[in-house]
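Coordinate-derived values only; no laboratory data. Since this is a predicted model, take the numbers as computed values, not measurements. Every residue, glycine as well, gets a Cβ built from its backbone with ideal geometry; the counts of neighbours run over all protein chains shown.
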Amino acid sequence: MGSERCTGIHFPYASKCGMHHNTPLISTVVVGLVLAFVLGALAQRVRISPLVGYLLAGVVMGPFTPGYVADQNIANELAEIGIILLMFGVGLHFSLKDLLSVRAIAVPGAVVQIAVATLLGMGLGWTLGWPVGGGLVFGLALSVASTVVLLRALQERRLVDTERGRIAVGWLIVEDLAMVLTLVLLPALAGLLKGEGTSGLSAYAMAQPVLITLGKVAAFVIFMLVVGRRVIPWVLHYVAHTGSRELFRLAVFAISLGVAFGAAVLFDVSFALGAFFAGMILSESELSQRAANETLPLRDAFAVLFFVSVGMLVDPAIIVREPLPLLVTVFIIIFGKSVAAFGIVRMFGHPTSTALTISASLAQIGEFSFILVSLGVSLALLPDRGRDLVLAGAIISIMLNPLFFVLLDRYEAKKQAAEEAAAAALSAEDSAAEVAAEAARKKPARVELPVTALTGHVVLVGYGRVGSVVGASLKQGGVPLLVIEDNPGCLEKLAQAGIEKITGNAAAPGMLVAANLEAARGLIVAIPDAFEGGQIVSKARAISATLPIIARAHSEEEIAHLKHHGANSVIMGEQEIAKAMIAQIGLASI
Ligand code: AMP
């Protein structure tokens, strides 16, 4: 495959392809992104995380597989930009408030779990004959989960805003902070860990590099808090007022990359920490959401290149060369960490399902581990073999991760079925509606929901700006109402209004059946996304051919789309706004 690629396109690597153009940067970026896209799409197709595809793209482009070999140095630098943008994003989403609300469990949990995983890793390092420093880096690398993988898993299941989602994210932030600290301290401690020249040195001399590093970090933090905190939001506000989207975008990138670079050059702080701080300072400003959105496309692209560059380091032969150590490494990542996390969460009195969610979320490693092992190797603390084990272990754990969530879903489905049976047996007079509402609260969408007892009711999808007004009016008119809403933030509002609800995405399997659509008098789809709306409408039409369905649209195309899927009438918001405006100025209505 590689040689075909070489004959068709002339890559700049004389050794393999002949020297025609000397554009290693372009070829690394282009081949990296194209291969990552192809393999990522394939991975998605077979229902594993696209990250695995990106990593495999790296393996294909790496020196251990035949064919095109990208320039590792360039790939590493590109990866560094990816890390800066990722960390900037982590900083932007870092909310001290969220962290504090779950600190009672997240802090001790993450600390104990990091300790357990590190000890297990050190144990493996010890049996493989590595020095303590190597084992420590190895163990730490196994202890920290990937932000990218975890957030994606939680988002897919709409768990981010739930209690357990918050615990998982808080836990991850503590892990991240511990890793940021490790990255900062490791170079300073490297000599000590290697046992170099420690004999005859006073405690002060040994502690000196650490103190200097901490001093520099403190100087950077103070500088950011005093100067950055004022200047950065001011610059962004100023640019936002110019109205130029392009300049705003540029400002966000200039700030994230500039602060990271400045932190590294002036304060000797890692790019990662610099970027994290830049993001964190911005997260206090109301412009942070916009800033986050602006960085998304570039961040994604460079994050992909980050995974590709990591994949390039992986020697697939490790599977046959070191099957046993690899197996143990994977075991530590998947079971060692999760069992520790499970135990801690249960100890704190949280339910089993929460403990299992946290365990599943953490049963993988990713970007921080890669950064850590690269640093460990460059400081000559960790043998190359350790890095290879971590990289291969990471790929395997990321591949297996979705499986744990599937198992978790199964467990919850079973548990819920058992609970329902028990509830039904216990109180026959309990209305089905209560059971349905309770079940919906516990487990949105995934499992078969009990059907509501309502009949002759209106089913309203979405309780936002549009839905809440419709709902209030129906309620006032005494029409029985059931709302399907997937934003847990609206639930309180619904509870206050005394409206029965089902939590979750109305397009998910089982939702419309649970809403007893068959016996409903109408369906109102009041969500802004016409694509998703179309799915809901067509599912509803499949349940009932005669049900009146009203949907919401923003353009002529969307109206056609929704009607095509079976909506009887579609209201275009913009048109209604125009009509109201015309009415206001007293002209005839259109
Ligand atoms: P608004 O645009 O302000 O009327 O808000 C729309 C509301 O619909 C929001 O509260 C969303 O959480 C909710 N929503 C959007 N998509 C879905 C969906 N597929 N299922 C249920 N609720 C949804």
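Which of Val459, Ala578, Cys490 sits farthest toward the positive end of the charge dipole of the stretch 458-585, with +1 on the Cβ of Lys and Arg and -1 on the Cβ of Asp and Glu?
Highest projection toward the positive end goes to Val459.
Place a +1 charge on the Cβ of each Lys and Arg in the stretch 261-327 and a -1 charge on the Cβ of each Asp and Glu, then give the dipole magnitude about the Cα centre in debye, rounded to the nearest 20.
Value, rounded to 20: 120 debye.
Excluding residues on the same chain fewer than 8 positions from Lys97, give the aspartates and glutamates whose Cα lies under 19 Å from its Cα.
Asp161, Glu163, Glu175, Asp176, Glu284, Glu286
I need the helices of the chain that pass two filters: whole DSSP H segments spanning 24 Å or more by Cα along the axis, and mean Kyte-Doolittle score no lower than 1.6.
Span-like helices, by this rule, are 24-45, 203-223, 245-267.
Rounded, prolate or oblate for the stretch 458-585? Axes are the square roots of the Cα gyration tensor eigenvalues, ordered a ≥ b ≥ c, and the cut-off for rounded is a/c under 1.5.
oblate
At 0.36 nm per residue, and after removing the present C-alpha to C-alpha distance, how many nm does the segment from Val210 to Phe37 gain when stretched out fully?
Residue separation times 0.36 nm, minus the Cα-Cα distance, leaves 58.0 nm.
Label Val265 and Arg45 with points 7 Å out from Cα along Cα→Cβ: what is the distance between them in nm?
4.6
Any chance you could run the full-extension gain for Leu25 through Ser378? It's 0.36 nm times the residue separation minus the Cα-Cα distance, nm to one decimal.
124.8 nm
Of Ala519, Val231, Ala104, which is farthest towards the positive pole of the chain's charge dipole, taken about the Cα centre with +1 and -1 on the beta-carbons of Lys, Arg and Asp, Glu respectively?
Checking the options against the dipole of the chain, the answer is Ala104.
Kindly provide the helix-only [θ] at 222 nm of the chain, computed as the sum of -39,500 (n - 2.57) over DSSP H runs of four or more divided by all residues, to the nearest 500 deg cm²/dmol?
Roughly -22500 deg cm²/dmol at 222 nm, from the helical runs in the chain.
Computed FRET efficiency, Cβ-Cβ of Asn487 and Phe64, R0 45 Å: what is it to the nearest 0.05?
0.45
Under a Cβ-only charge scheme (Lys and Arg +1, Asp and Glu -1), can you give me the dipole magnitude of the stretch 458-585 about the Cα centre, in debye to the nearest 20?
So the magnitude is around 340 debye.
Using r as the Cβ-Cβ distance of Ser473 and Glu156, and R0 as 41 Å, what FRET efficiency do you calculate, to the nearest 0.05?
Step by step, r from the Cβ atoms, then E = 0.75.
Using a Förster radius of 60 Å, what is the FRET efficiency between Glu556 and Ala115 based on their Cβ-Cβ separation? Nearest 0.05, please.
0.50
May I ask what percent, to the nearest 5, of DSSP beta bridges between residues of the chain are antiparallel?
0
Using alpha carbon centroids, what distance separates the stretch 466-489 and the stretch 107-174, in Å?
Result: 42 Å between the Cα centres.
Using a simple spin-label model with points 7 Å from Cα along the Cα→Cβ vector, what separation in nm is obtained for Phe223 and Lys579?
Simple spin-label model gives 6.1 nm for this pair.
Whole angstrom only: what separates the Cα centroid of the stretch 543-590 from the Cα centroid of the stretch 35-78?
The stretch 543-590 and the stretch 35-78 have Cα centres separated by 46 Å.
Only four residue types carry charge here, +1 at the Cβ of Lys and Arg and -1 at the Cβ of Asp and Glu. Report the dipole size of the chain about the Cα centre in Debye, rounded to the nearest 20.
Here the chain has a charge dipole of around 200 debye.
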